[in-house]
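Data block below; observations after.
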Amino acid sequence: MSFFRMSSRAGSPLERFLRGMALLAVIAGVLWAFEARFSHLAERLESQQAISDETGGLSDGDRRFLRQAAEDLRMRFGLELRVRVAAGELTVPELDEKTVFFGLSPADKAARVILPPLAARALGPDFVKIVENDMLAAALSAGQWPKGLCAAVVFLERQLSEPRTGEK
């Protein structure tokens, strides 16, 4: 195998060293590209798992909208969005201090919103009540919970974007 033999024209030790470093640079570049590609894929899969619909009531457009909203919340505010639509009883998953949770159970006509502590302070004590009682409960009663869920997420983004100058 002539591939592994040293060539008689390999040149000086400096040239052999530079060829070795160039080979290492190519390998490092391939590894970097591989890592960048699959980290992006992992982020995309993670954002897709942020939306869980056991009922199948969310349309593809609603899912795309919620995924985009989850990405916007992550990029603009550093918050993760988790949406769970349960076929039966609504269970709240374990959440960290950066996760906003919207949970719905159309069968039980129940809605649950959980904000991380910092977002809860920024939005005020009435935000969760407004979203749960006025927006989501009304949408569940009318049978329009996918629209109500999307409206609640838009309301969250708008309230977070609104400048606050102080409490009254």
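Derivation of every value follows stated rules applied to the coordinates shown; laboratory data play no part. What you are looking at is a predicted structure, and each value in this text was computed from that prediction instead of being measured. Positions of Cβ are backbone-derived with ideal geometry, glycine not excepted, and every protein chain shown enters the neighbour counts.
Quick look at the numbers
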{"item": "The stretch 57-100, residues that are in a strand (DSSP E or B) and hydroxyl-bearing (Ser, Thr, Tyr)", "result": "99"}
{"item": "Matching residues in the stretch 114-150 - criterion: being under 21 Å from residue 56 (Cβ atoms) and buried (at least 16 other Cβ atoms within 10 Å of the Cβ)", "result": "136, 139, 140, 145, 146, 148, 149, 150"}
{"item": "The stretch 77-112 - residue that is of a type outside the set (A, V, I, L, M) and touching a residue at least 40 places away in the same chain (Cβ under 8 Å) and, of those, surrounded by the most Cβ atoms within 10 Å (Cβ to Cβ)", "result": "102"}
